[in-house]
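The values are calculated or read from the model by the stated rules, or taken from the named source; none is laboratory data. None of the values given here were measured: they were computed from a predicted structure. All Cβ positions, glycine included, derive from the backbone under ideal geometry; neighbour counts span all protein chains shown. The protein model used for the area step is the full one, side chains on, heavy atoms only, and it has no ligands, DNA or RNA in it. Shrake-Rupley method; radii C 1.70, N 1.55, O 1.52, S 1.80 Å.
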Amino acid sequence: MAAFVLLGAALVGCGGGGAPAPVVKEPTGPAVTRSPSPKADAAAGPKPAAGRDAGRTAPPTLAPGPGGLTPVYSRRTRGAEKVVALTFDADMTADQGPRAAGGERFDNPQLIATLRRLKVDATVFMTGRWAEEYPDQAKSIGGDPRFEIANHSYSHYAFASPCYGLPTVAGPDMTADVQRAFDAFRDAGAVNVVPYFRFPGGCYDDAALRALGPAGVTAVQWDVVSGDAFAKDADAVAEQVLDGVKPGSLVVMHCTRSAAPVTERAIRRIVPELRARGYRFVKVSELMSR
């Protein structure tokens, strides 16, 4: 029961409402394409297997903030082009293995299949523990050019406190937790891995942004909350997204069947209605580059 409450708190923090999370004002400024800082930990950042990234353009990232703070991105504010990024958090905490072994499904292959059928580009923010539990799916998602995998931590523990009851990662361990997730993606065989990070629960502060500086990632939040966590009404989720989207929006949803069971049905309504309004679906890397 405690584990269920923990996941519930985490998913609420990822976009289902609830108490405000501790955040700081995000840095502003243009997106730039860059490699991780040469001062970064040599082990940090996504590292596809040798040869797999030959000829690929490096995904854009934001320049570090003052004092090397990890930059934060939540939507594209330049221009009025009707593009929107749908993002899906594949959540699984470090201690939920017994629940998965007991039959609880933290994946949602039907959602991924629907995105493919509808030809929707999307970004999946995956925890390392999820990739370990579902390596074949992580490899499939990370090998499909329609998708990219971004980092949602290994453990899905909080990087700032309080954060919806989540345990907290100690500051000195934050970069290692992020790197452990990148390692899990690589071990699963995922190719399309980008240097973006989403804080569990959306919770962060200056200390977390400073601690993650060596990881060379851009933190990615959102401006549209879908409300799909534990929702039972797919139309209500769809309406919340449709009401919130504007040009350049970044939507947070979930790819966790047991805790977000109506997301796939909501997508079947969201996608055609936004297309009818003239919107095009892009990955975060494309949104950030525009």
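Within the stretch 151-185, the residues that satisfy the criterion of being buried (at least 19 other Cβ atoms within 10 Å of the Cβ) and more than 11 Å from T127 (Cβ to Cβ) are A158, F159, A160, C163, Y164, L166, V169, M174, T175, Q179, F182.
Inspect all residues belonging to the stretch 224-235 and state whether any of them is touching a Phe, Trp or Tyr at 6+ places or on another chain (Cβ under 8 Å), surrounded by 19 or more Cβ atoms within 10 Å (Cβ to Cβ) and part of a loop (DSSP other than H, G, I, E, B). Explain how you work it out, then say what you get.
Step one: filter the stretch 224-235 for residues touching a Phe, Trp or Tyr at 6+ places or on another chain (Cβ under 8 Å), giving none.
There is no residue in the stretch 224-235 that is touching a Phe, Trp or Tyr at 6+ places or on another chain (Cβ under 8 Å), surrounded by 19 or more Cβ atoms within 10 Å (Cβ to Cβ) and part of a loop (DSSP other than H, G, I, E, B).
A search for C-beta distances below 8 Å between a residue of the stretch 84-104 that is polar (S, T, N, Q) and any residue that is assigned to a loop (DSSP other than H, G, I, E, B) and open to solvent by 20 Å² or more (accessible area, probe 1.4 Å), counting only pairs 6+ apart in sequence or on different chains, returns T87/W222; T93/Y157; Q96/E104.
When the stretch 105-129 is filtered for residues that are surrounded by fewer than 17 Cβ atoms within 10 Å (Cβ to Cβ), over 17 Å from A260 (Cα atoms), in contact (Cβ under 8 Å) with a residue 24 or more places away in the chain and not hydrophobic (A, V, I, L, M, F, W, C), the ones remaining, listed by number, are R116, K119. Looking at the stretch 247-259, is at least one residue open to solvent by 20 Å² or more (accessible area, probe 1.4 Å) and under 20 Å from P109 (Cα atoms)? Yes.
Filtering the stretch 272-289 to residues that are of a type in the set (A, V, I, L, M) and under 14 Å from T218 (Cα atoms) leaves V284, L287, M288.
When P195 is tested against (1) assigned to a strand (DSSP E or B); (2) within 23 Å of A266 (Cα to Cα); (3) not hydrophobic (A, V, I, L, M, F, W, C), only condition (2) is not met.
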